Amino acid sequence: MMDTIRYILSRFGQSVFALLCIVTITFFLARLAPGGPFLDDKAVPEHLIEQMNRNYGFDKPLVVQYGLYLGRLVTGDLGPSLGNKGFTVNEVIAEGFPVSFILGICGLVIALIIGVPVGVFAAAKRNTAVDYTLMTIAMLGICLPTFVIAPLLGEIFALKLGWFDVAMWEDSSAWFLGALTLGLYYSAYIARLTRGSMLDVLSQDFIRTAHAKGVAPLKVLFKHAFRGGITPVVAYLGPALAGLIGGSFVVETVFGLPGLGQHFIKAATNRDYWLINGTVTVFAVLILVMNFLVDIVQAWLDPRTRGK
Amino acid sequence: MISPLRDTARKGLDPQQGYLRDLTLLGLCLVMGLGTSSCNRETKVDIATREKILLLGNGGEPKALDPHLVSSVGDANILRAIFEGLVAYDPGADTKNEPGVAERWEANDDFSEWRFFLRNDARWSNGDPVTAHDFVYSYNRILHPDFAAPYSSMLYFLKNAEPFNKGEIEDFSQVGVKAVNDFELVCTLESPTPFFPDVVKHTTWLPVHRPTIEKFGTMTATFTDWQKPGNHVSNGAFRLTDWRINAHIKVRKNPHYWDAPNVKLNGLNFYPIDNTFTEEKAFRGNLLHYTYIIPNNLIPRYEAKNDPNLRTETYAGTYFYRCNTTQAPTDNVDFRRALAYSINQETIVKYVTQGGQEPAYGFTPPSEAGYHPPDVIHYDPDKAIEFLKKAGYESGADVPEFTIILNTSDAHKDIAVAIQDGWKKVLGIEKVKIENQEWKVYQQTVIDMKYDVARAGWIGDYVDPTTFLGIWRGGDSNNNTGWENADYDRLLRESALLSETNERYAKLAEAESILLDEVPVLPIYWYTRVYLLHEDVKNWNPLLLDNHPYKHIDLHRDGEETE
């Protein structure tokens with residue numbers, strides 16, 4: 001018991017330290033980029049830029065700003081957005097996160113619905129034409145970037161067939177195509193992962209014993225092999241979800257969805273310092289929490305990892 | 001060892017295969033059902049036309065909905081729906097002016113003092129009357145040094161506005177704007193400005209509602225909640241009802257607007273889709289009445305099928321290259337001339353940009369207001385080679401390496417490649433590099449003048465050549481070429497004192513011919529606006545500045561009855 005608590009505490013400490021490093025590096029890297037938030041299409045006179053810098057506290061020494069920033073961060077205040085005047089970074093993220101979250105969750109569900117059966121099926125039919133075909137398709141799915149699949153899905157399912165809207169969020173079905181794009185991409189990974197671990201399990205002695213005892217083949221596959229075969233996929237879900245939520249920039253752009261991914265990129269191009277820091281922090285927390293949870297679950301499942 | 005297992009597994013899965021087949025069939029049926037039903041479904045555009053809600057693509061997310069904080073065209077497009085200035089845009093021509101909050105206006109003999117007589121039925125969207133004091137307050141706000149409005153220099157027409165904005169004088173009463181009473185506003189200007197009514201149509205001259213501003217902060221606070229839906233108060237034909245970042249901005253008819261019975265639309269939805277391909281698809285998918293832009297490489301496709309939705313219109317903008325006149329090789333005027341005359345503008349607009357742009361023989365685009373730039377810059381290889389020799393180069397091979405910088409975009413890159421090729425073929429210059437820079441990096445590089453040749457564009461703020469020529473005065477913050485010419489500056493100053501338009505234009509043309517002779521900038525083409533517009537949109541006319549007054553726009557489908 002003490003071991004477990006010690007392990008959890010140490011993993012938690014590591015996560016907090018990693019977060020601090022990420023926040024710090026992001027803060028200083030953002031400031032190193034040439035240009036600034038107040039440059040505009042038409043030139044802004046020097047005296048006004050100076051005043052804007054004063055208004056937002058950018059005239060103070062960088063270290064002081066960093067200290068102030070950390071102080072605010074601890075209280076959960078991510079600061080004002082410089083590119084969306086009148087909105088705080090908290091508000092921007094509060095609007096964008098649910099969109100990315102829905103996309104991510106639906107994408108994950110689609111990935112599982114497609115990926116797991118395909119993986120099981122391919123494993124059951126290993127080294128046959130079916131297996132090779134499925135795995136080739138999966139490989140293609142991994143290799144084809146989302147910025148190819150997304151417009152293709154839009155062109156076919158929205159513009160040609162008219163089943164979905166091709167863009168936008170409100171009153172629009174375009175998000176489904178977004179989730180489908182993400183889902184297809186991840187389903188290919190999940191299919192390969194499932195196939196691999198199912199093959200591991202299927203070649204073990206207890207499966208052979210089951211067959212020898214005359215258990216129905218389907219029952220062997222689903223009752224005996226599936227549980228063991230699916231474990232690595234479950235472990236993969238955490239990082240996959242974080243990746244899905246954080247990695248939906250392309251999908252959001254192609255389908256015009258107001259998620260966090262777009263802010264992530266736009267903040268950088270606008271030099272919206274607080275929004276850069278805010279989005280990076282949110283994604284970092286997401287990834288760290290997911291990994292932390294997975295580690296805890298794995299440690300609980302397999303005591304051997306605790307010692308490492 | 002494995003094969004028996006494989007056999008049983010295969011056999012075992014047979015029933016499932018059958019099940020899968022059924023499922024596929026079921027799916028197909030469903031799909032076909034959906035497909036047929038979708039044919040008769042009313043599209044988003046159909047519904048919006050019926051409900052008279054105009055659906056517009058708007059490029060990117062606006063920086064703000066505060067007229068004093070914005071400077072981009074897309075932001076101005078939204079503000080024009082919800083605010084109204086002293087003078088309003090005419091739906092048919094940018095050179096004409098419509099009464100806005102001011103019913104009429106008059107100038108003194110030399111156009112240096114303007115009097116605006118405000119209508120007494122103008123209302124804010126909360127019902128408060130719009131008065132001359134609101135305008136004085138607004139101009140105080142945008143010019144206040146603490147507020148630091150990015151585009152406050154647009155108000156430097158007012159006497160003492162510049163020193164006040166720079167903090168050199170602190171008393172706003174010295175700035176040339178006064179409310180004589182609730183409904184009379186007097187603007188005293190730095191110099192005669194016959195086109196002043198055109199200037200006050202710009203977003204920077206729009207009023208804000210004092211009680212709302214001060215309810216959420218001080219006058220000079222830039223970061224308050226007043227712009228949010230529910231808080232936002234404006235005086236235009238429409239008012240803000242919904243704003244979701246990156247998703248939409250919705251404005252609906254303002255019942256308090258003085259001319260509300262004549263407003264035809266019930267509202268507008270702006271969609272900030274910054275991916276141009278997505279926007280074009282949204283149009284094709286019947287989600288938009290209008291796209292902000294259309295990607296260059298899709299234009300030929302629309303042209304090939306003679307699509308009536310494709311609009312190509314002249315636009316008051318110039319695409320050009322800045323030359324850094326403070327360092328070799330571009331400090332040499334003959335060298336710059338050689339560059340200017342070896343750009344084949346015709347080929348670029350015909351084969352590269354393909355959007356019906358006009359080769360720019362001058363800097364200021366010819367306008368319907370009657371100004372014509374001197375006809376100087378044309379592709380002329382012989383002349384170019386002559387100038388290269390004059391610049392001291394026996395051949396192009398002797399020219400030291402220099403770089404064209406661009407902000408990253410395929411369109412800019414294609415043009416740069418064409419120009420690079422022209423310089424190589426005509427002048428024999430081998431060592432021209434093209435460098436992409438990310439937008440903000442590019443802006444900083446230009447401001448710091450750490451470039452040789454830099455791609456640029458300039459869009460007019462109002463219909464007058466000064467909006468184009470003013471930036472090349474020595475020390476202007478948009479100049480960034482290091483070029484300064486005493487005669488040029490003098491001619492511009494002198495033109496400002498002339499109240500007779502033709503005389504003034506002649507003076508400005510004289511100044512422009514100096515600019516085109518010394519070519520600190522290499523004109524390439526004059527812009528067009530190429531975009532998609534649905535046929536349901538009525539009374540949307542080609543406008544030079546592209547500032548469409550939404551109150552005149554209507555939506556209905558031809559062949560369908562309207563009320």
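A cut-off under 12 angstrom between Cβ atoms defines the neighbours of B:A107, and their net charge, with Lys, Arg +1 and Asp, Glu -1, is -2.
What size of dipole, in debye to the nearest 20, comes out for region B:239-344 about its Cα centre when the only charges are +1 on Lys and Arg C-beta atoms and -1 on Asp and Glu C-beta atoms? Roughly 380 debye, rounded to the nearest 20. Given their separation in residues at 0.36 nm each and the Cα-Cα distance between them, B:A260 and B:K450 gain 63.2 nm when the chain is fully extended.
With the full set of protein chains in place, find how many percent of the accessible area of region A:165-295 is carbon and sulfur; take the probe as 1.4 Å. Please report the intermediate quantities before stating the final value.
Working: 3170 of 4860 Å².
Here it works out to 65 percent.
Label sites at B:E358 and B:T408, each approximated as a point 7 angstrom past Cα along Cα to Cβ, lie 3.5 nm apart. In terms of Cα atoms, the Rg and Dmax of region B:277-338 work out to 19.4, 54 Å. Residues of region A:199-220 buried by at least 10 Å² of accessible area upon assembly of all protein chains, compared with the chain on its own (1.4 Å probe): A:L202, A:R208, A:H211, A:P217, A:L218.
With the biggest extent put first, the Cα atoms of region B:285-417 measure 59, 35, 26 Å across the principal axes. Per the 1.4 Å probe, what fraction of the accessible area of region B:125-250, in percent, lies on carbon and sulfur atoms? For region B:125-250, the apolar C and S fraction of the accessible surface comes to 46 percent. Taking Lys and Arg as +1 and Asp and Glu as -1, the other residues whose beta-carbon sits under 13 Å from that of B:P359 total -3. When chains B and A come together, the accessible area they lose, probed at 1.4 Å and totalled over both chains, is close to 6000 Å². About the centre of its Cα atoms, the protein assembly as shown shows a dipole size close to 5160 debye [charges on the beta carbon of Lys, Arg (+1) and Asp, Glu (-1) only; nearest 20 debye].
Using the Cβ-Cβ distance between B:K383 and A:V148 with R0 = 60 Å, the FRET efficiency computed as 1/(1 + (r/R0)^6) comes to roughly 0.80.
Does a label point 7 Å from the Cα of A:H47, set along Cα-to-beta-carbon, have any residues of region B:456-475 with amide nitrogen under 18 Å, and which are they? Only B:474-475 pass the distance filter. Ligands, DNA and RNA excluded, the heavy atoms of A:L293 present near 90 Å² of accessible surface to a 1.4 Å solvent probe. Computed over protein heavy atoms with a 1.4 Å probe, the accessible surface of chain A works out to 45 Å² per residue. Solvent-accessible surface of region B:450-563, taken per residue with a 1.4 Å probe and all protein chains present: 37 Å². Using a Gaussian network model of chain A in which every pair of alpha carbons under 10 angstrom is joined by a spring, one finds that among A:L218, A:L144, A:L193 the greatest mean-square fluctuation is at A:L218.
Note on region B:104-238: along the principal axes its Cα atoms extend 45, 36, 23 Å, ordered by decreasing extent.
Accessible area per residue for region B:50-185, computed on protein heavy atoms with a 1.4 Å probe, is 33 Å². Springs between Cα atoms under 10 Å define the GNM used for chain A, and in it the highest mean-square fluctuation of A:L134, A:L48, A:L19 occurs at A:L48. With chain A treated as a Gaussian network of Cα nodes joined by springs under 10 Å, which of A:P232, A:P217, A:P145 yields the largest mean-square fluctuation? Comparing A:P232, A:P217, A:P145 in the GNM, the peak value goes to A:P217. Rounded to the nearest 20, the Cβ-based charge dipole of region A:195-255 about its Cα centre (Lys and Arg +1, Asp and Glu -1) stands at 400 debye. The figure for A:F164 is an accessible area of roughly 50 square angstrom, using a 1.4 Å probe on the protein chains alone.
Comparing the full protein assembly with the isolated chain, the residues of region B:42-70 losing at least 40 square angstrom of accessible surface (1.4 Å probe) are B:K44, B:K63. Going by Cα centres, region A:136-209 and region A:1-52 are how many Å apart? Computed from Cα coordinates, the inter-centre distance equals 33 Å. Here the accessible area of region B:425-539 is 46 percent carbon and sulfur, with a 1.4 angstrom probe and all protein chains present. Scaling against 2.2 N^0.38 Å puts the C-alpha radius of gyration of region A:62-186 at 1.51. Over all projection directions, the Cα-based convex hull of chain B averages an area of 36.1 nm². Over all projection directions, the Cα-based convex hull of the protein assembly as shown averages an area of 43.8 nm². Using C-alpha pairs under 8 Å with a sequence gap of at least 6, the mean separation divided by the residue count of region B:220-303 gives a relative contact order of 17 percent. Placing pseudo-labels 7 Å out from each Cα toward the beta carbon at B:E214 and A:L140 gives an inter-label distance of 6.9 nm.
Once C-alpha pairs closer than 8 Å and six or more residues apart are averaged by separation and normalised to the residue number of chain A, the relative contact order reads 27 percent. Give the separation of the Cα centroids, region B:491-544 to region B:60-117, in Å. Centre-to-centre distance over Cα atoms comes out at 19 Å. Residues whose amide H comes within less than 5 Å of that of B:L555, counting only those at least five positions distant or on another chain, are B:K538 (H built at 1.01 Å from N in the peptide plane). Burial annotation for region A:258-273: residues with an accessible-area loss of at least 50 Å² between the isolated chain and the complete set of protein chains, computed on heavy atoms with a 1.4 Å probe, are A:P258, A:K266.
The values are calculated or read from the model by the stated rules, or taken from the named source; none is laboratory data. Note that the coordinates shown come from a computational prediction; the quantities given were computed from them, not determined experimentally. So basically every Cβ, Gly included, is an ideal-geometry build from the backbone, and we count neighbours across all protein chains shown. To get the accessible areas, we keep the full protein, side chains included, count just its heavy atoms, and leave off ligands, DNA and RNA. Shrake-Rupley method; radii C 1.70, N 1.55, O 1.52, S 1.80 Å.
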